[in-house]
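A short write-up of the structure that comes next.
The values are calculated or read from the model by the stated rules, or taken from the named source; none is laboratory data. All of these numbers come straight from a predicted model, not from anything done at the bench. Cβ placement follows ideal geometry from the backbone for every residue including glycine, while neighbour counts extend to all protein chains displayed. These area figures cover heavy atoms from the full protein model, side chains too; ligands, DNA and RNA do not enter into them. Shrake-Rupley method; radii C 1.70, N 1.55, O 1.52, S 1.80 Å.
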Amino acid sequence: EEVVACSREIAKVLTLALKGGLPGADDFLPAMILVVKRANPPQLQSNLTFIQEYCPRSKLMSEAGYIFTHLASAMAFLSDLTASHLTISKADFEAGLKRCSSEAADSHAAA
């Protein structure tokens, strides 16, 4: 439920950014990737695996299923991401990873 609510908020923001246009998958997935990256939810991969293994397929034929697909795609993208996938230098990529890891550690320590 919370993931669906968050996804609806992403869609609202994208609709505003598109000046009232409806966001498509090409708009939504990059936004989902950013939200997943920033939120860094604990145990996301194990939760996705659990849902894939045990959730009845009929439950994934809905809005929640559409969002699940985007969430799983965002996670797969982030898991497989390397500097060669991006248009930045390897040094900038490594510096960004180091900075993000440090920020994530700080935010988890504060929680």
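For the stretch 84-105, the set of residues classified as of a type in the set (Asp, Glu) and either in contact with a Gly (Cβ under 8 Å, 6 or more places away or on another chain) or open to solvent by 100 Å² or more (accessible area, probe 1.4 Å) (or both) consists of GLU103 only. The residue that is least open to solvent (accessible area, probe 1.4 Å), among those in the stretch 55-83 that are assigned to a helix (DSSP H, G or I) and among the polar types (S, T, N, Q), is SER73. Among the residues of the stretch 1-57, those that are hydroxyl-bearing (Ser, Thr, Tyr) and closer than 14 Å to THR69 by Cα comprise SER7, THR49.
Looking only at the stretch 50-68, residues that are in contact (Cβ under 8 Å) with a residue 40 or more places away in the chain and more than 19 Å from CYS6 (Cα to Cα) come to 0 in all. The set of residues in the stretch 26-41 being surrounded by fewer than 12 Cβ atoms within 10 Å (Cβ to Cβ) and either hydrophobic (A, V, I, L, M, F, W, C) or more than 14 Å from the chain's Cα centre (by Cα) (or both) consists of ALA39 alone.
Quick check: anything in the stretch 42-54 part of a helix (DSSP H, G or I), open to solvent by 90 Å² or more (accessible area, probe 1.4 Å) and not aromatic (Phe, Trp, Tyr)? Scanning the stretch 42-54 turns up at least one residue that is part of a helix (DSSP H, G or I), open to solvent by 90 Å² or more (accessible area, probe 1.4 Å) and not aromatic (Phe, Trp, Tyr). One residue is enough: does the stretch 90-110 have a residue meeting the conditions in a loop (DSSP other than H, G, I, E, B), modelled with pLDDT under 90 and not β-branched (Val, Ile, Thr)? No: zero hits.
Give the number of residues within the stretch 5-25 that are open to solvent by less than 70 Å² (accessible area, probe 1.4 Å) and outside any helix (DSSP H, G or I). Matching residues across the stretch 5-25 total 4.
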